[in-house]
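Participant: This is the structure, below, for whatever I ask next.
The values are calculated or read from the model by the stated rules, or taken from the named source; none is laboratory data. Just so we're clear, the structure is a prediction, and the values are computed from it rather than from any experiment. Virtual Cβ from ideal backbone geometry, glycine too; neighbours counted across all protein chains shown. Areas reflect the complete protein model, heavy atoms only, side chains present, ligands, DNA and RNA absent. Shrake-Rupley method; radii C 1.70, N 1.55, O 1.52, S 1.80 Å.
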Amino acid sequence: MGIQTIGIVGAGQMGNGIAHVMALAGYDVKLTDVSEDALRKAIEVIDGNLERQVKREKVTAEDKAAAMGRIQTTTTLSDLGASDLIIEAATERETVKQAIFEDLIPHLKPETILTSNTSSISITRLASRTDRPEKFMGFHFMNPVPVMQLVELIRGIATDEETFKACAEVVEKLNKTAASAEDFPAFIVNRILMPMINEAVYTLYEGVGSVKSIDSSMKLGANHPMGPLELADFIGLDTCLAIMNVLHDGLADTKYRPCPLLTKYVEAGWLGRKTQRGFYDYRGDEPIPTR
């Protein structure tokens, strides 16, 4: 199963990062989003990130030019129909993802592989809404995609071996490492990471420590490169809440109950770096804790 053309749905932080690494690895990329502005910003981000890699001598100027030349953008979902592999990287809401796959299916080749970059939602359930559950799997990149080396590959109950091998070969071509995860809520990384972040929010909520003391404690006491609240802001508090809800609903265990303070921040629209306020306020020269 030869893969050369890759369609990516969603031009946000994950989508543009996936487009970046795919184009740099030699794949032809079609990036789609409902917003022309989002596509324009994505191309600017990819160009800027590639330029940083050139300055750090990670890639050559010729590599950058070739990669940028391999990326096409479109607001028309059906333009992805000729792709060998589709990677859905839309918002972490199951209804949105299902609607995308339903709209895509009539335009796809029979052999096209469908994948989702979901960080928590059931692959089996998403696949069941398509016409090719055997050619559907989870393809979960870590953020930021050009930097992080891991990709979680998640089989649904019907995913066949040929599909898994084809996706594993793509990961190898990207010079990244694949981890095979079972289709349980949040898979491996977020099954472990998100409860830690949620517990850090509970620690703040209960007054055990301030934002600064919690993050400093984990960086200096556990040698984490980033504190859990700082990391939550980087990921997006809405994404953290969505994953905790998937864990809580899917595993029916109270230990996964989202912290009320996390919910309050999301209700306020304080989602972290992308909205300039979360557990830190990013509107000034230096981030300032909000609690």
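Participant: Look at I18 and say whether it is closer than 19 Å to N143 by Cβ and under 15 Å from the mean Cα position of the chain (by Cα).
Facilitator: yes
Participant: Which pairs do you get when a residue that is in a loop (DSSP other than H, G, I, E, B), found in segment 204-227, comes within reach of a residue that is open to solvent by 70 Å² or more (accessible area, probe 1.4 Å), reach meaning Cβ atoms under 6 angstrom, with the pair 6+ apart or on two chains?
Facilitator: Pairs found: G227/K219.
Participant: Please enumerate the residues belonging to segment 260-278 that are part of a helix (DSSP H, G or I), open to solvent by 70 Å² or more (accessible area, probe 1.4 Å), modelled with pLDDT of 95 or more and not acidic (D, E).
Facilitator: Passing the criteria: K264, R273.
Participant: Would you mind finding the one in D238, D281, D233, D183 that is out of contact with any Ser or Thr (no Cβ under 9 Å at 6 or more places or on another chain) and either open to solvent by 20 Å² or more (accessible area, probe 1.4 Å) or farther than 23 Å from L153 by Cα (or both)?
Facilitator: Every option except D233 fails the conditions.
Participant: Give me the pairs: first residue in segment 143-163 and farther than 11 Å from A181 by Cβ and open to solvent by 40 Å² or more (accessible area, probe 1.4 Å), second residue of a type in the set (F, W, Y) and outside any strand (DSSP E or B), beta-carbon distance under 8 Å, and six or more apart or on different chains, which are they?
Facilitator: Filtered contacts from segment 143-163: N143/F234.
Participant: Could you pull out the residue among A166, A82, A99, A65 that is open to solvent by less than 30 Å² (accessible area, probe 1.4 Å), of a type outside the set (F, W, Y) and not in a strand (DSSP E or B)?
Facilitator: Only one candidate qualifies: A166.
Participant: Of all residues being more than 24 Å from the chain's Cα centre (by Cα) and of a type outside the set (S, T, Y) in segment 249-259, which is most open to solvent (accessible area, probe 1.4 Å)? Just the residue, please.
Facilitator: K255
Participant: With respect to I100, determine if the residue is in contact (Cβ under 8 Å) with a residue 40 or more places away in the chain and of a type in the set (A, V, I, L, M).
Facilitator: Yes: the conditions hold for I100.
Participant: On to the next question. Six or more apart or on different chains, Cβ atoms under 7 Å: show the pairs whose first residue is in segment 10-27 and within 14 Å of Q72 (Cα to Cα) and whose second is of a type in the set (D, E) and not in a loop (DSSP other than H, G, I, E, B).
Facilitator: Final answer for the pair search is G10/E88; L24/D63.
Participant: For residues that are open to solvent by 50 Å² or more (accessible area, probe 1.4 Å) and either polar (S, T, N, Q) or within 17 Å of the chain's Cα centre (by Cα) (or both), tally how many sit in segment 186-201.
Facilitator: Number of matching residues: 3.
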